[in-house]
Amino acid sequence: MFDSLPSQATAVASGAGFPGPAATQHNHDQPFQAYLAGLKAEGRYRVFADLERSAADFPCARYRQAPEDAGRMVTVWCSNDYLGQGRHPAVIAAMQEAATAGGVGAGGTRNISGTSAWHVRLEASLADWHGTEAALLFNSGYVANSATLSTLGKLLPGLVILSDAKNHASMIDGIRQSGAERVIVGHNDPEDLARKLALVAPERPKLVAFESLYSMDGDIAPLEAMLTVAERFGAMTYVDEVHAVGLYGPRGAGIADRDGLAHRITIIEGTLGKAVGCHGGYIAASRAIVDAIRSAAAGFIFTTSMAPPVAAAACASLAVLKQAADLRIRHQDRAATLKAALTAAGLPVLPTDTHIVPVMIGDPVRCKAITDALLERFDIYVQPINYPTVARGTERLRLTPTPYHTDAMIAHLVKALSELVLK
């Protein structure tokens with residue numbers, strides 16, 4: 001009798017036994033196609049360039065339009081490897097030696113089997129860099145911000161987070177996930193911060209979260225004034241130094257290091273993926289704060305830890321950066337030289353006192369067309385910066401010179417931009 005019944009596989013395939021409407025054809029791709037079409041119509045659709053970085057020819061890379069192409073060398077003007085540490089011989093050697101000795105992967109989360117001697121050494125080196133009791137590694141700067149800020153809201157009932165209006169998406173994401181009350185503060189505005197802190201009940205825990213150096217406009221926060229206001233109201237401070245670590249201060253630990261203010265900051269957040277030239281993020285703070293985040297942050301607990309060879313490379317890079325004053329001077333010289341040349345040519349440069357050099361375009365379609373022409377006609381690689389990274393109408397090219405961009409490279413870039421932007 002059972003021979004007449006359909007097999008389970010047949011029943012599932014045919015839909016037998018599952019009540020509901022008759023089978024219909026669904027185009028599940030349609031909403032996604034519509035979204036992508038909208039991005040393309042606005043000029044905001046992002047195309048990834050196939051670039052093979054060249055350690056020997058930094059800041060140049062081999063660009064391929066198809067995987068089978070031999071490619072051609074182009075000059076990269078938008079890398080966050082600000083100092084070229086990703087190709088430093090000592091950094092490469094440290095990674096190779098660690099991989100040969102211990103293998104490539106971490107083997108698990110930090111809690112289970114993923115803590116190595118290299119993680120411990122790197123956290124100690126980071127704490128020394130920032131003058132704090134402890135540090136904690138994450139898999140990226142984004143995760144460091146999101147995991148830490150979201151966890152603070154859960155550890156501190158009634159927390160109010162006062163967030164700068166131009167904070168990075170990773171900070172905004174963490175603050176939203178925290179469940180804490182959020183108050184937006186005018187960009188780099190200590191007076192607005194004071195007004196808004198005065199409205200918070202004195203007994204409530206308060207955290208002021210901002211960046212030391214904003215990567216799109218290249219402006220620096222009035223760090224001492226912000227800290228002074230926070231201290232007046234008994235607020236903790238959380239300072240994102242990702243675009244400053246390695247580049248500013250006597251040992252390169254960021255704007256707080258430069259200004260002698262690190263000891264007044266509750267939590268410093270940084271990255272290993274920019275001037276350090278590696279990968280990962282971290283926080284540096286008191287032993288109690290770091291231990292609490294280590295024990296409670298889902299973004300730390302439930303993910304495979306940083307590969308030990310990467311941690312070894314970051315250790316080697318930090319050892320170089322702590323003594324790299326000459327490299328930082330050269331970096332600032334290249335940025336100043338580029339800004340002066342662009343300004344002299346009449347190009348729309350946003351004035352900055354930092355290594356970030358924004359050339360304002362103001363239209364996403366034109367911005368993309370300029371970067372396409374730079375690549376195809378001049379062998380210059382720059383990515384357009386459009387909404388939501390920056391506000392609509394402020395689309396730009398974000399140039400990031402390194403110590404290794406030559407005068408000839410600068411002249412070639414200025415000539416190309418003059419032809420494309422000023423026409």
| message | Suppose the filter is open to solvent by 70 Å² or more (accessible area, probe 1.4 Å) and in contact (Cβ under 8 Å) with a residue 12 or more places away in the chain; does D57 pass it? | response | yes
| query | What's the number of the condition A311 fails, among (1) assigned to a helix (DSSP H, G or I); (2) surrounded by fewer than 24 Cβ atoms within 10 Å (Cβ to Cβ)? | reply | (2)
| message | Of everything in segment 203-227, what is open to solvent by 20 Å² or more (accessible area, probe 1.4 Å) and not charged (D, E, K, R)? Give them in sequence order. | response | P205, M216, I220, P222, A225
| query | Which one is nearest to the chain's Cα centre (by Cα) among residues in segment 363-392 that are part of a loop (DSSP other than H, G, I, E, B) and modelled with pLDDT of 95 or more? | reply | V382
| Pick from segment 246-265, criterion part of a loop (DSSP other than H, G, I, E, B) and touching a residue at least 40 places away in the same chain (Cβ under 8 Å), ranking: surrounded by the fewest Cβ atoms within 10 Å (Cβ to Cβ) | P250
| query | Just checking, which of L318, L397 is in a helix (DSSP H, G or I), modelled with pLDDT of 95 or more and either within 20 Å of the chain's Cα centre (by Cα) or buried (at least 21 other Cβ atoms within 10 Å of the Cβ) (or both)? | reply | L318
| query | Taking segment 400-411 as the region of interest, how many residues are under 20 Å from K274 (Cβ atoms) and open to solvent by less than 40 Å² (accessible area, probe 1.4 Å)? | reply | 5
| Residue within segment 132-141 that is over 14 Å from the mean Cα position of the chain (by Cα), over 27 Å from C278 (Cα atoms), aliphatic (A, V, I, L, M) and open to solvent by less than 50 Å² (accessible area, probe 1.4 Å) present | no
| remark: Picking from R64, R110, R46, the residue that is of a type in the set (D, E, K, R) and crowded, with 16+ Cβ neighbours inside 10 Å would be R110
| request: Scan segment 331-340 and give yes if some residue there is over 21 Å from A244 (Cβ atoms), buried (at least 16 other Cβ atoms within 10 Å of the Cβ) and among the charged types (D, E, K, R), otherwise no. | output: no
| task | Determine, yes or no, whether D164 is surrounded by fewer than 20 Cβ atoms within 10 Å (Cβ to Cβ) and either free of Cβ contacts under 8 Å to residues at least 12 places away in the same chain or in contact with a Leu (Cβ under 9 Å, 6 or more places away or on another chain) (or both). | result | no
| Pick from segment 229-244 the residues that are open to solvent by less than 10 Å² (accessible area, probe 1.4 Å) and touching a residue at least 40 places away in the same chain (Cβ under 8 Å): which of them is nearest to L199 (Cα to Cα)? | Y238
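The values are calculated or read from the model by the stated rules, or taken from the named source; none is laboratory data. None of the values given here were measured: they were computed from a predicted structure. Positions of Cβ are backbone-derived with ideal geometry, glycine not excepted, and every protein chain shown enters the neighbour counts. Heads up: the accessible areas ignore ligands, DNA and RNA and are worked out on the full protein's heavy atoms, side chains in. Shrake-Rupley method; radii C 1.70, N 1.55, O 1.52, S 1.80 Å.
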